[in-house]
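For reference, the structure is listed below as C-alpha cells.
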Amino acid sequence: MVHLAMVMLAKDKPDEARRLAGRALALEPHCGEIVARATEVLNRAVPDWHFSIVRDQGRNDAYEAALVRMVKPDDLVLEIGAGSGLLSMMAARAGARRVVACEMMPAVAEAAEIVVRHNGLSDRVRIVAKHSKDLAVGPDLPEPADLLVQEIISNDVLGQSVSQAIEDASRRLLKPGARMIPAAATVRVALAQDARADRRRTGPVSGFDLSPFNRVAPPRYRLSADDDRLTMRSAPADLATYDFQGGGPFPRTSHRAELTADGGPVTGVVQWMRLQMDDAGEVFYENRPGPGSTSAWAVLHHCLPEPIESRPGQRFAVVGSDDRKRLLIWADPID
C-alpha cells in the first residue's frame, strides 16, 4: 500500500497518494520502513517552519492574549492559513461560537483536521482545504466572519501575499468593521554588521579573481534573531507600517527611513517586524535581533554593495520598495 502511494505521487496523483499513505501508517504505525515511506509521501512540499513556529512560545502567547481580548461569545472566526490548527483551537478556547480555518495545502489541512478531532474540538472548529481566495460564504462559511486571524506573515511581512488575502477577505468573507489579529505590522530596520557576511561574497580563489561572480550573490539573506554574528550599528527606525485592521487596499508604494550610525563596520541593513496583535494596541510581538532573542521568524540582512567603515553620526537613507509581494530594501549614505 505504501509503495503504491509513492507510485501515485510519481504519477501526480497526490490525493490518492495521501489516502494510501495514511491508511498504511494507521495499519502499521510502528514499522520503520512504512513510517519512513508514508511520511515521505505525507510530508512532500510541507515547509519545515510549520514545526518551528508552533514552538515559538512568545508568538503563541501573543496570539492567545489577543484572542482572549478580542473574541466575543457569538463570534464566527475565520483563520487564513490553518497550519497545525493551533490558533483556531485557541480561538475556540477563547469562547468563539464557531471557527472556520482554511489551509491551501491538502496534506496540512488533513493533518490539522486530525489534530482538531484529537483535541475534541471538531464540533466548533472546521478545517477547509482551500486557499482563502476560493472560500465562499454559503458553502464554506455560514455567514461573513466577525474576526479574522492570520499568520501568513513572512519575514519581510509581505512575502506570503498577506495584503492581497486581507483585501479579498475584507471584501467577500468578513462583516463590515470585522476585527483582525494581528491588527497591524511594522517593518523595523537598523544598520548592522554581520561578521560573516564575506561568506556570501567571493574574491581571490586558487589564484583566480572571482569577484565578478558577486553580481549574482543574494541581495538579502536570513539570520536567526539571536545570531551572535550580528552587531547593531544604529538605533532602530520604523520603515513601514501596514494597517491590517483597515482591510486595505494596500497599494504598491515606497517607504523611507533615516538611520544614524554609531560608527564601525556596516555590512548592510538588518530588518525585522513588530506586530500589533490587538485593536487596542495592548499586545505586541517583536522579533528584534539581539542576545537571547527567540523567534520562529528570521531577521533579514539586506547587503550594502560593499561593506563600509561608518563614522559616528553618519546618516544613511533606507528605502523600502513594496510591490505587494515582497519588500526590497537598500541603503545609501547621505553624508
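The values are calculated or read from the model by the stated rules, or taken from the named source; none is laboratory data. Since this is a predicted model, take the numbers as computed values, not measurements. All Cβ positions, glycine included, derive from the backbone under ideal geometry; neighbour counts span all protein chains shown.
Quick look at the numbers
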quantity	calculated
Complete set of residues in segment 123-139 that are under 10 Å from LEU173 (Cα atoms) and either in contact (Cβ under 8 Å) with a residue 40 or more places away in the chain or surrounded by 19 or more Cβ atoms within 10 Å (Cβ to Cβ) (or both)	SER132, LEU135
Single condition GLY177 does not satisfy, out of (1) farther than 27 Å from ALA225 by Cβ; (2) surrounded by fewer than 22 Cβ atoms within 10 Å (Cβ to Cβ); (3) touching a Pro at 6+ places or on another chain (Cβ under 8 Å)	(3)
Long-range neighbours under 9 Å by Cβ, at least six apart or interchain, first residue within 9 Å of ALA183 (Cβ to Cβ) within segment 272-294, second buried (at least 18 other Cβ atoms within 10 Å of the Cβ) and basic (Lys, Arg)	LEU275/ARG59; ASP278/ARG179; ASP279/ARG179
Check on ALA165, aliphatic (A, V, I, L, M), buried (at least 20 other Cβ atoms within 10 Å of the Cβ), modelled with pLDDT under 95 and not in a strand (DSSP E or B)	no
Filter pass, TRP297 being closer than 17 Å to VAL157 by Cα and buried (at least 23 other Cβ atoms within 10 Å of the Cβ)	yes
Subset of segment 37-87 [surrounded by fewer than 20 Cβ atoms within 10 Å (Cβ to Cβ), of a type in the set (Ser, Thr, Tyr) and in a helix (DSSP H, G or I)]	THR39, SER52
Options GLY247, GLY313, GLY264; residue that is touching a residue at least 60 places away in the same chain (Cβ under 8 Å) and more than 30 Å from LEU147 (Cα to Cα)	GLY264
Residue count for segment 235-265, restricted to those that are at pLDDT 95 or above and in contact with a Phe, Trp or Tyr (Cβ under 8 Å, 6 or more places away or on another chain)	5
Among the candidates LEU210, LEU148, residue that is under 28 Å from VAL46 (Cα atoms) and either assigned by TED's automatic domain parsing to the domain that holds LEU275 or modelled with pLDDT of 95 or more (or both)	LEU148
Strands (runs of 3 or more DSSP E) wholly inside segment 176-293 that include at least 2 residues being of a type in the set (Val, Ile, Thr) and within 22 Å of ILE152 (Cβ to Cβ)	184-194
